[in-house]
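Notes follow once the structure below has been shown.
Quick note: the coordinates plus some simple rules give every number you see, no bench work behind them. What you are looking at is a predicted structure, and each value in this text was computed from that prediction instead of being measured. So basically every Cβ, Gly included, is an ideal-geometry build from the backbone, and we count neighbours across all protein chains shown.
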Amino acid sequence: MSYLDFFSKDCLRYIPSSRLSQKKVLVVGCGNGGDCAPFVEAQEVHGIDICDDIGQNFIHDKVQYFQESAESMNRESNYYDLVFSVATLEHIHNL
């Protein structure tokens, strides 16, 4: 089991699968898109990252990618029901 599988499953155990379809998810540090995959049952998934290959390995109708940093992201306050991030926060200098 990868670290992503472990942490995403742990996160999702707090949200009944029947309710995930009503949630909006933000994935901070989504990389090439794989970090967004566990959440495609949600109503909407947004992935942010500064990398050049953002979202290139995972394309899905419910996932939209934004190439921007966590420090200066332009996402609406209180829009998301769930924010997920793994192995990213240590790279954010001004959290």
> So what's the convex hull volume per residue for the Cα atoms of the chain, in Å³?
Replying inline: 101
>> What do you get for trypsin sites (Lys or Arg not before Pro) in segment 1-91 restricted to DSSP loop and a cutoff of at most 16 other Cβ within 10 Å of the site's Cβ?
In response: Arg13, Lys23, Lys62, Arg75
> Applying 1/(1 + (r/R0)^6) with R0 = 41 Å to the Cβ-Cβ distance of Gln22 and Ser69, what FRET efficiency is obtained, to the nearest 0.05?
Replying inline: 0.90
>> Tell me which GluC sites (Glu not before Pro) from segment 1-74 have a DSSP coil assignment and no more than 14 other beta carbons within 10 Å of their own.
In response: Glu68, Glu71
> For the pair Val40 and Tyr3, how long in nm is the line joining their label points, each one 7 Å along Cα→Cβ?
Replying inline: 2.4
>> I'd like the chymotrypsin sites (Phe, Trp or Tyr not before Pro) in segment 9-95 restricted to DSSP loop residues with at most 12 other Cβ atoms within 10 Å, sorted by number.
In response: Tyr14, Tyr79
